[in-house]
There are 2 protein chains.
Amino acid sequence: MLEKTTRMNYLYDFYQSLLTPKQRSYMSLYYLDDYSLGEIADEYDVSRQAVYDNIKRTEAMLEEYEEKLLLLQKFQERSKLIASMKDLLKDNPELNNVMLSMIAELEKLD
Amino acid sequence: MLEKTTRMNYLYDFYQSLLTPKQRSYMSLYYLDDYSLGEIADEYDVSRQAVYDNIKRTEAMLEEYEEKLLLLQKFQERSKLIASMKDLLKDNPELNNVMLSMIAELEKLD
């Protein structure tokens, strides 16, 4: 499991299009721009608690989307495969069989 | 653009986890098992119009998810790249540069 902030950044990246504009604003200030809850509350003229609740709900939604669609998990699996493919290509010109089996793995992820 | 039924089958495949159980049942009977609207209506003891409306709404939702997340589009792009990689591997052992540029394309899709 990734460290929480890193994981939320990734999940936000994959699923932000499914959030409301307000959810996107709060999440992006909190996780990307490193605002505190109090600073976001001041910016939007709402209570710190309201910002906190909204962000907690959004985090839960992002985890639910990931549970259903696995975009982050598949991205991580593809990234590993691609890194291995690159390593192989660097070191070894005779790699048809290995390459083919990795490509087959890649296909299974879709 | 794919033919409508094929496209709906794909979209259903990618986004079914985001639908309600009833939406999943209707869509799966209509698109996968080729039931008519009337047959689904009989099965669930509702009007043909209710089934029709539900399916139309679900189709629109699937298109909206695709507009936001592009899972089908990216799948199609990855499939093309993977097919090209396989062809290259079959025909040519000296393909490091071409392979590396295709892998770079693959990475851009994530």
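Could you tell me which residue out of A:Leu72, A:Ile82, A:Met102 lies farthest along the dipole of chain A toward its positive end? Charges go on the beta carbon: Lys and Arg +1, Asp and Glu -1, centred on the Cα centre.
A:Met102
Which whole-number percent is the relative contact order of chain B (Cα, under 8 Å, 6+ apart)?
Details: 54 pairs, mean separation 26.1, N = 110.
Across chain B, relative contact order equals 24 percent.
Could you give the nm distance between label points at A:Asp34 and A:Thr5, where each point is 7 Å from its Cα heading toward the beta carbon?
Between A:Asp34 and A:Thr5, the simple spin-label model gives 0.6 nm.
Report the equivalent ellipsoid semi-axes for the protein assembly as shown in whole Å, largest first, defined as the square roots of five times the eigenvalues of the gyration tensor built from alpha carbon atoms.
Details: eigenvalues 256, 201, 29 Å².
After diagonalising the Cα gyration tensor, the semi-axes are 36, 32, 12 Å.
Kindly flag which residue pairs out of A:Lys4/A:Lys56; A:Lys74/B:Lys74; A:Lys80/B:Lys108; A:Lys86/B:Lys86; A:Lys86/B:Lys108; A:Lys22/B:Lys74 have an alpha-carbon separation exceeding 18 Å in this structure. Before the final figure, lay out the partial values.
Values: A:Lys4/A:Lys56 13 Å; A:Lys74/B:Lys74 13 Å; A:Lys80/B:Lys108 14 Å; A:Lys86/B:Lys86 16 Å; A:Lys86/B:Lys108 15 Å; A:Lys22/B:Lys74 28 Å.
Too far apart for the 18 Å limit: A:Lys22/B:Lys74.
How far, in degrees from 0 to 90, does helix A:48-69 lean away from the longest principal axis of the Cα atoms of chain A, to the nearest 10?
20
How are the alpha carbon pair distances in the stretch B:2-69 distributed across 10 Å bins from zero to the largest one, expressed in percent?
Histogramming the stretch B:2-69 at 10 Å steps yields 21, 57, 20, 2 percent.
Determine the distance separating the Cα centre of the stretch A:40-110 from the Cα centre of the stretch B:37-85; give it in Å without decimals.
24
About the Cα centre of the stretch B:2-69, what is the dipole size in debye to 20, counting +1 per Lys and Arg Cβ and -1 per Asp and Glu Cβ, all else neutral? Show your work: numbers first, answer last.
Numbers: 8 positive and 14 negative charges, 39 e Å.
The calculated dipole for the stretch B:2-69 is roughly 180 debye.
Treat every Asp and Glu Cβ in the protein assembly as shown as -1 and every Lys and Arg Cβ as +1, leave all other atoms uncharged, and give the resulting dipole magnitude about the Cα centre to the nearest 20 debye. List each step's numbers first, then the result.
Numbers: 28 positive and 42 negative charges, 10 e Å.
In debye, rounded to 20, the protein assembly as shown gives about 60.
Cross-link candidates for B:Lys90: which aspartates and glutamates have Cα within less than 16 Å, leaving aside residues fewer than 8 places away along the same chain?
Those aspartates and glutamates meeting the cut-off are A:Glu94.
Each value in this text was obtained by applying a stated rule to the coordinates, not by laboratory testing. What you see is a predicted model, and the numbers here were worked out from it, not measured in a lab. Positions of Cβ are generated from backbone atoms using ideal geometry, with glycine treated the same way; all protein chains shown enter the neighbour counts.
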